Amino acid sequence: MSTALAEPIDRAALAAEMRALVEASGSSFHSAMRLLPAPRRDAMYAIYAFCRAVDDIADEPGSLAEKRAALAAWRVEIDALYAGRPSYRIAQALEEPVQRFGLRREDFIAVIDGMQMDAERDIRRPSLGELDLYCDRVASAVGRLSVRAFGSTEARADDVATSLGRALQLTNILRDLKEDADRGRLYLPDELLTKHGIAGDEPRAVLAHRGLPNTCSDLAVLARRHYADADAAMADCARGPMRPAALMGAVYRNTLDLLERRGWVGLDKPVKLSKPRKLWLLLRHGLV
């Protein structure tokens, strides 16, 4: 029986590896992460790397059996992380943040559950209830991990995460209508589609229907309600730790503004904030 000790983990190298993953992704969250002190920033890089890894399992080519196996392996790895014996590089990078900032196991599992929803089938015209559950898992759960990494300790911090996560995800859905349709997905809710006379669930046919603009406008109203709820909860939290969340909310709310200004036509044309606008938002919400 071997008595050799495992080599100690090079935490600095591990943090640099997670940072490189985030930078390579071109994530719009990168500017918000840079507002944080180094330990909290490293925690966010590791959280993002985890989310990217499980999201890739759901989105990249592969059989359902392979995707189920890969997500199941991540469930085992999260258990190993909380038992103090992670083996994946990303889980090793999460070990210190879990202990230091109280990141919760159930939030990591919720993210995996959300990716399982995408892996099991192409989601098409879910009910509002199913869409809300999906948003909670793939976005609000990430927010609950994030507010702890930011350093927010107030009871209302989870309310910020719950509302802002939903607002960001609904904005993503409205921004990525064509991209999702090309993947065979249609996240617009059944109740709103039915309200505006849209039948069927073939994504491209739905996007071509004359009722699409009104459907999207209604979903944008729901997103704005979540932004307002997040603002109200954020007002009850210390401003400093919430700056990254405020910046992310501002960037996505401005994106929603652009989408509504463009209208729900010409979906091939990407909608992006200009660099000067992003810089202004960074100054406004990052420094003030």
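Only the coordinates and a few stated rules stand behind these numbers; no lab work does. It should be emphasised that the depicted structure is a prediction, and the values quoted were computed from it without experimental measurement. With ideal geometry, Cβ positions are generated from the backbone for all residues, glycine too; neighbour counts draw on all protein chains shown.
Near the amide H of Arg124, within less than 5 Å, lie the amide hydrogens of Leu186, all on another chain or at least 5 residues away, with H placed in the peptide plane. Paramagnetic label reach from Lys178 (point 7 Å along Cα→Cβ; backbone nitrogen cut-off under 19 Å): within the stretch 195-219, residues 202-217. Using R₀ = 25 Å, calculate the FRET efficiency as 1/(1 + (r/R₀)^6) where r is the Cβ-Cβ separation of Lys195 and Ala232; round to 0.05. FRET efficiency, Lys195 to Ala232: 0.35. A straight chain from Arg210 to Leu222 at 0.36 nm per residue would run longer than the Cα-Cα distance by 2.3 nm. Using a simple spin-label model with pseudo-atoms 7 Å out from Cα toward Cβ, Thr153 and Ala12 lie 3.0 nm apart. Per-residue 3J(HN,Hα) values for the stretch 9-23, derived from phi via the Karplus relation 6.51 cos²θ - 1.76 cosθ + 1.60 with θ = phi - 60°, read 6, 7, 5, 5, 5, 5, 5, 5, 5, 5, 4, 5, 4, 5, 4 Hz in sequence order (x marks Gly and Pro).
Per residue, the average separation of C-alpha pairs within less than 8 Å and at least 6 apart gives the chain a relative contact order of 18 percent.
Between 0 and 90 degrees, the angle of helix 275-287 with respect to the longest Cα principal axis of the chain falls at about 60 degrees. For a paramagnetic label modelled on Ala73 (point 7 Å from Cα along Cα→Cβ), amide N atoms under 15 Å away are absent within the stretch 105-124. Quick one: helix 239-262 against the long Cα principal axis of the chain, what's the angle to the nearest 10°, folded into 0 to 90? Value to nearest ten degrees: 30. Taking Cα atoms only, the orientation of helix 105-120 departs from the longest principal axis of the chain by about 50 degrees. Mean sequence separation of contacting Cα pairs (under 8 Å, at least six apart), scaled by the length of the stretch 122-281, corresponds to a relative contact order of 29 percent.
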